[in-house]
1. Do you know which of the residues in the range 6-20 that are at pLDDT below 95 and among the basic types (K, R) is most open to solvent (accessible area, probe 1.4 Å)?
2. Out of (1) open to solvent by 70 Å² or more (accessible area, probe 1.4 Å); (2) modelled with pLDDT of 95 or more; (3) within 13 Å of the chain's Cα centre (by Cα), the odd one out for N23 is which?
3. If we keep just the residues of the range 35-71 that are among the small types (G, A, S) and in a loop (DSSP other than H, G, I, E, B), which is surrounded by the fewest Cβ atoms within 10 Å (Cβ to Cβ)?
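The values are calculated or read from the model by the stated rules, or taken from the named source; none is laboratory data. Because the structure is predicted, anything quoted here is derived from the model rather than measured. Backbone-built Cβ (ideal geometry, glycine too); neighbour counts: all protein chains shown. Keep in mind that these areas ignore ligands, DNA and RNA; they rest on the heavy atoms of the full protein, side chains included. Shrake-Rupley method; radii C 1.70, N 1.55, O 1.52, S 1.80 Å.
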Amino acid sequence: MASTKRRYSKEEFAHRGDTMYENDVRPHLKADDEGKFAAIDIESGAYEVDLDELQACHRLRARVPEAQIWMVRVGSRYVHRFGSRDRRGTP
């Protein structure tokens, strides 16, 4: 798969991605989409949702070859979490 050159600053990329997710994608998601990945093209608004982030990206690129993809995990503030979780209070 060929690399697509980024056409926006990091700040603009993130702003467009977050705005499209909140306004255009999130209202169409169902409860069973929780934990899945949403790959969003920040230019066209096209998106794909899948349990596998690469599959979501591949399907989106098949539809929009030059997609500027913003990735979101449905129901989470993070796509991936690094480090351990707070385990206080667990035996």
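1. In this case the residue turns out to be K10.
2. Answer for N23: the failing condition is (3).
3. Going through the qualifying residues, I end up with G35.
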